[in-house]
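Below is one structure, written out as structure tokens; comments come after it.
Any read-out appearing in this document is the output of simple, stated calculations on the displayed coordinates, not a laboratory observation. Predicted, not measured: the structure shown is a model, and the values here were computed from it. Note that we place each Cβ from the backbone using ideal geometry, even for glycine, and neighbour counts take in every protein chain shown.
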Amino acid sequence: MGIITNDRGSSSALTIDILPILRWQNSKTRNQLKRDKERLPDEKICDHLTKMLDTRKNALDVNDWNFDVFAFNRLTNGRALFHISLHLFYEYNLIEIFKLDIVKLMRFISLVEEGYHSSNPYHNAVHAADVTQAMHCYLRERKLDKALSPLEKMTAIVSAITHDLDHPGVNQAFLIATSNHLATLYNNCSVLENHHWRSALGLLHESGVFEHFDRSLWKTMEWQLKSLILATDISKQNGFLDQFKVHVKENTLNMDDPKHRNFILQIALKCADVCNPGRPWTTSKRWSELVCDEFFKQGDRERQMRLPVTQCCDRLTTSIEKMQIGFMNFVVMPLFTEWHRFHLSSLSETILLNIESNQKNWQEILLDPKMQTTKPEPNSFTSKSEE
Ligand SMILES: Nc1ncnc2c1ncn2[C@@H]1O[C@@H]2COP(=O)(O)O[C@H]2[C@H]1O
Ligand SMILES: [Zn+2]
């Protein structure tokens, strides 16, 4: 039986059997642990082993928060997004409910996968796969699972798959500063998010996956997809958070109201989009390095073009550690605090605990110069005339 199974234990026909690889990985982990045990002082062993075992457990189970998307991507030859997405369409029985043509569906997912730039360190198909897997975990939360319609679940999955489609690896400010045609097209407003949802729409049409939907079903889906993807604009974070806080405090979210269900899905996609600081440390740290790599590459381009270097993109003045601590304090923790107040589930608690512990790890690294990430050579991006 494959690792990707539905709750009834049957695996979908198109997913792969990676159980032997998982067994091999687990034996590798055990050997690694034995070696670590010999190296580490006694008092640290217990803590370390528990942490290692906890995060390795279920690392290839798509239903589990410890899911390691990087390992899964390797095992699927770089096709994590394709396999996770297709699996979820089976898992939620969407193919049968919406009478989807499997060939068109596979074409849609492949087009989406190709629409991500593998040259981006962070905003690539693996990030989309990670966000999609997180969304799946949230959809399994009791309050959502019970209340959402199949159409809402499908839109949530499609929005997660497509939410950063054709991301150029630079932010809106860069697109505006360089007079990019997308900035002009979208009037300097939510430039990237508008582009992502328009691109998603384009691929939905091109693949014809939902072309048999009647007009009203299609319009509902199109509207939901737009509202979810546009909500991922991080500059709109405070507005969404304030609204969410009030709802949670006054217990006014009525899951029988379609507008409220749409709102909670917007929040869910936002939580999925910034969930990497809430993953187990090894995975989380890797995401942090990748996002910083992408930011710093943008900063290098700004410097080369003699544009003002965006603060968080300046490798000469910003450290990964400080950026992560700040991002967790100001963006991630406040959002997941409300998310936990809303769900009060073991998953929402786990995410909060991971954020706290990851933040502590970054603080320890910050205080220990030996552990700090080395800065790349600045002259790797200076032009000949500057050297
Ligand atoms: N670990 C992180 N550190 C700093 N910024 C992040 C991190 N994870 C996500 N982000 C930012 O949050 C944004 C959420 O939307 P995007 O995926 O478009 O782009 C993301 C990054 O700009
Ligand atoms: Zn994203």
**OP:** Rank the residues ASP273, ASP68 as a footprinting-exposure proxy: fewest other Cβ atoms within 10 Å of their Cβ go first.
**Re:** ASP273, ASP68
Original post:
Which value in nm describes the separation of the simple spin-label points at CYS189 and ILE102, placed 7 Å from the Cα toward the beta carbon?
Top reply: 4.4
Original post:
In a solvent-free Debye calculation with one equal scatterer on each Cα, what is log10 I(q)/I(0) for segment 224-268 at q = 0.19, 0.31, 0.32 Å⁻¹, listed in the order of the q values?
Top reply: -0.57, -1.18, -1.21
Subject >> GLU289/SER118 FRET efficiency (R0 25 Å; Cβ-Cβ; nearest 0.05) >> reply: 0.90
Original post:
In this model, which of LYS99/LYS219; LYS99/LYS270; LYS236/LYS297; LYS104/LYS143 are farther than 27 Å apart at the alpha-carbon?
Top reply: LYS99/LYS270; LYS104/LYS143
**OP:** Of all alpha-carbon pairs in segment 217-326, indicate the percentage at a distance above 24 angstrom.
**Re:** 45
Original post:
Looking only at Cα atoms, what is the convex hull volume of segment 99-380 per residue, in Å³?
Top reply: 135
Original post:
Taking segment 248-379 as the region of interest, what is the percent of Cα-Cα pairs per 10 angstrom bin, listed from the shortest bin to the one with the maximum distance?
Top reply: 11, 35, 28, 18, 7, 1
**OP:** May I ask you to compute the full-extension gain from GLU206 to LYS360, defined as 0.36 nm times their residue separation minus their alpha-carbon distance, rounded to one decimal in nm?
**Re:** 50.8 nm
Original post:
Can you put GLU96, GLU141, GLU193 in order, fewest other beta carbons within 10 Å first?
Top reply: GLU96, GLU141, GLU193
Subject >> Full-stretch length increase - SER345, GLN372 - with 0.36 nm per residue and alpha-carbon distance subtracted >> reply: 6.2 nm
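Need the full-extension length gain, ARG142 to MET333, defined as separation in residues times 0.36 nm minus the C-alpha distance. One decimal, nm.
Working: separation 191, 0.36 × 191 = 68.76 nm, distance 2.20 nm.
So the chain would gain 66.6 nm between ARG142 and MET333.
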Original post:
What distance in nm separates the simple spin-label points at GLN243 and LEU353, each placed 7 Å from Cα in the Cβ direction?
Top reply: 3.3
Subject >> Residue-wise HN-Hα coupling along segment 157-163, computed from phi with Karplus coefficients 6.51, -1.76, 1.60 (Hz; x: Gly, Pro) >> reply: 5, 4, 5, 5, 4, 9, 4
**OP:** List ASP166, ASP145 from most exposed to least, where exposure is judged by having the fewest other Cβ atoms within 10 Å.
**Re:** ASP145, ASP166
Subject >> Using θ = phi - 60° and Karplus 6.51 cos²θ - 1.76 cosθ + 1.60, couplings along segment 184-197 (whole Hz; Gly, Pro as x) >> reply: 5, 4, 9, 6, 6, 10, 5, 4, 5, 4, 4, 5, 4, 6
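In debye, nearest 20: dipole of segment 99-380 around its Cα centre with unit charges on the Cβ of K, R (+) and D, E (-)?
260
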Subject >> Where labels lie 7 Å past Cα in the beta-carbon direction, separation of ARG198 and LYS259 in nm >> reply: 2.8
Original post:
Is any residue of segment 117-159 close enough, with backbone N under 12 Å, to a label point placed 7 angstrom from the Cα of ASN93 along the Cα-Cβ axis, and if so, which?
Top reply: 150
Original post:
Which whole-Hz ³J(HN,Hα) couplings does segment 124-140 yield from phi under the Karplus relation 6.51 cos²θ - 1.76 cosθ + 1.60, θ = phi - 60°, glycine and proline marked x?
Top reply: 10, 5, 6, 4, 4, 5, 5, 5, 5, 5, 5, 4, 4, 4, 5, 5, 7
**OP:** Within segment 139-165, find all residues whose amide N lies under 14 Å from a label point positioned 7 Å from the Cα of TRP223 along Cα-to-beta-carbon.
**Re:** 152
